[in-house]
């Protein structure tokens with residue numbers, strides 16, 4: 001059986017293209033499973049997985065939990081969003097206490113970039129990064145690429161623009177790594193203050209003009225403004241942001257071609273995207289949610305197969 005080149009999923013930058021294709025092929029199989037009348041497989045009956053979330057999450061946590069249960073794993077949920085766990089030692093203590101219950105795999109979201117990498121060096125369990133600060137969110141990028149592949153047949157050669165708050169987005173960075181690895185062309189679009197200075201070093205172009213970006217792309221991946229990560233104001237008003245970088249039906253209909261609209265959620269309707277766009281036939285937002293379960297099943301299954 002083919003295996004991943006890594007023992008943990010800490011970030012897309014640690015994967016190679018073969019890993020991504022293996023995850024996609026495995027997800028194809030699991031997508032078929034979750035569309036059956038009996039949606040469970042006994043693949044991971046002997047595996048125990050702990051979901052440890054130090055930041056609040058609804059969609060990602062539910063998606064992981066559903067994926068784990070579809071694979072028949074035993075699941076422990078630990079929510080530390082109200083806890084004062086901030087320091088590395090405390091993080092290790094917390095996780096080691098959970099691992100002493102004979103846990104095989106940890107799915108972790110943490111506000112500090114690199115928390116998963118740090119943890120992987122100190123514990124024996126397999127670690128899946130469910131988002132570390134504004135650093136990476138690998139399963140989101142995988143499900144985004146998988147959704148593009150499903151809609152357009154392939155990711156290679158496609159033109160993808162990531163629009164919005166790139167600076168604070170872990171989704172953007174993971175997407176850039178994943179898309180470039182698969183041979184897509186990537187541009188970012190948004191206010192200058194929300195585009196990281198290093199972005200061009202990743203082989204990504206900056207397009208400040210929304211209309212030019214949309215005319216260029218095959219796929220537009222919309223990001224929300226992450227107010228919770230902002231300590232200062234990065235643009236004058238939300239209204240002004242929406243006028244310059246929000247997508248509505250009028251803009252979409254004025255383009256020369258039909259483009260695919262994506263969003264990692266949660267959507268701020270009326271800010272980065274209007275309801276008539278989010279709910280339109282060009283949007284694959286709900287497909288992304290469905291594909292999230294299949295992708296997470298694939299990642300968990302492939303990593304679990306390496307557990308001795």
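Laboratory data are not the source of any read-out in this text; all were calculated from the coordinates shown. Note that the coordinates shown come from a computational prediction; the quantities given were computed from them, not determined experimentally. Cβ atoms come from the backbone with ideal geometry, glycine included; neighbour counts cover every protein chain shown.
Distance between the pseudo-spin-label points of residue 244 and residue 200 (7 Å out from Cα toward the beta carbon): 1.9 nm. Sorting 53, 64, 78 by the number of Cβ atoms found within 10 Å of their own Cβ, with the fewest placed first, yields 78, 53, 64. Only DSSP H runs of four or more residues enter the estimate; each adds -39500 (n - 2.57), and after division by the residues of the chain the mean residue ellipticity at 222 nm equals -12000 deg cm²/dmol.
Look at where the Cα atoms of segment 11-70 and of segment 120-156 average out, and the two centres are 11 Å apart.
Here the simple spin-label model places points 7 Å from the Cα toward Cβ, and for residue 156 and residue 192 these points are separated by 3.9 nm. The long axis of helix 17-34 is offset from the longest Cα principal axis of the chain by roughly 80 degrees. Answer rounded, prolate or oblate for segment 107-256, using the Cα gyration tensor with square roots of eigenvalues a ≥ b ≥ c: rounded when a/c is under 1.5, else prolate when a/b is larger than b/c, else oblate. Oblate, because a/c is 1.5 or more while a/b does not exceed b/c. When you count the other C-beta atoms within 10 angstrom of each residue and take the mean per peptide, 218-225, 117-124 line up highest first as 218-225, 117-124.
Using the average count of surrounding beta-carbon atoms within 10 Å as a protection proxy, the listed peptides 26-32, 46-52, 92-98 rank, highest first, as 46-52, 26-32, 92-98. For the peptides 186-198, 133-145, the ranking by packing is 133-145, 186-198, with the highest mean count of neighbouring Cβ atoms within 10 Å listed first.
Which angle between 0 and 90 degrees, to the nearest 10, do you get for helix 59-70 versus the longest principal axis of the chain when only C-alpha atoms count? Value to nearest ten degrees: 40.
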